[in-house]
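First up is the structure itself, then whatever we jot down about it.
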Ligand SMILES: Nc1ncnc2c1ncn2[C@@H]1O[C@H](COP(=O)(O)OP(=O)(O)OP(=O)(O)O)[C@@H](O)[C@H]1O
């Protein structure tokens, strides 16, 4: 069964139509990017999938279940995880404590309440940090970590909720180019091995074309193209949408467009 099915989403703000009849699917293990020029409607669509915005029309189905009216918290419990443009970690706490906090909040009704918070879910937190290549920095405060490493910790935090679908809002914003590729390679490999669908918005075309299996292009609230990175790069309508930024659709360094 399809993991995420978005059907006929529509959203207006006053006279501005931010999303018009938007429909797409995300499969398990798939990385789907939403791109489009500024104001195209990416955040609007993203937030309707995450539950931060209620659509005027249309439906969002996760594993065939209608979650259109569910709050972000309910969606989280059903398996919708999220990372943010600016990493959301507690800087004074260690990487492990940040992940432990996420695990504690995911297991609110489980036993172990008599275990000191510092020890609760520690093994699982270390396992998650190891998945994102951060085991050695487990006890370092997040404030001492490089930004790219903080983003890895944030990924471990998101994985603590055992998401079926991971929403990533500009995952590589603020990162150096090499760190960007590493984070997205890691995300793609975790998504593939754990069958997690990933929906992400991104301005960096190297990240999009280098890491998305499929790309959706929005323009003035409508999907004008959907396809593989190569199909999108060669699409005339998409190239026109990006006129004025003529290098935006060029292949990333080291990735062939053939
Ligand atoms: N809360 C809001 N109130 C009024 N208009 C809004 C609101 N949110 C979005 N819009 C409008 O809806 C349209 C789509 O905005 P949206 O933020 O979804 O685009 P975007 O593709 O994410 O843009 P960007 O790349 O600049 O972040 C824009 O015209 C925007 O001004």
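The values are calculated or read from the model by the stated rules, or taken from the named source; none is laboratory data. Since we're looking at a predicted model, the values are computed, not measured. Please note: Cβ atoms are built from the backbone with ideal geometry, for glycine as well, and neighbour counts cover all protein chains shown.
Might you let me know whether the stretch 56-63 holds any residue that is surrounded by fewer than 19 Cβ atoms within 10 Å (Cβ to Cβ) and closer than 26 Å to residue 122 by Cα?
There is no residue in the stretch 56-63 that is surrounded by fewer than 19 Cβ atoms within 10 Å (Cβ to Cβ) and closer than 26 Å to residue 122 by Cα.
In the stretch 1-48, how many residues are within 12 Å of the ligand (Cβ to nearest atom) and not in a strand (DSSP E or B)?
Of the residues in that region, 15 qualify.
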Quiz prompt | Subset of the stretch 162-218 [away from the ligand (no atom under 14 Å from the Cβ), over 20 Å from residue 50 (Cα atoms) and part of a loop (DSSP other than H, G, I, E, B)] | solution = 174, 175, 176, 213
Practice problem: Spot the failing condition for residue 77; the list is (1) in contact (Cβ under 8 Å) with a residue 12 or more places away in the chain; (2) away from the ligand (no atom under 13 Å from the Cβ), and only one is missed. | Solution: (1)
Quiz item: Which one of these does residue 92 not meet: (1) within 15 Å of the ligand (Cβ to nearest atom); (2) assigned to a loop (DSSP other than H, G, I, E, B)?
Solution: (1)
Self-check item: Qualifying residues in the stretch 235-246 (those that are assigned to a loop (DSSP other than H, G, I, E, B) and over 25 Å from the mean Cα position of the chain (by Cα)) - the one modelled with the highest pLDDT
Solution: 243
Quiz item: Of all residues in the stretch 64-74 being loosely packed, with under 14 Cβ neighbours inside 10 Å and either outside the structural domain of residue 202 (by TED's automatic domain parsing) or part of a loop (DSSP other than H, G, I, E, B) (or both), which is farthest from the ligand (Cβ to nearest atom)?
Solution: 64
Exercise. Just name the residue that is modelled with the lowest pLDDT out of those in the stretch 76-92 that are closer than 19 Å to residue 2 by Cα and over 14 Å from the mean Cα position of the chain (by Cα).
Key: 77
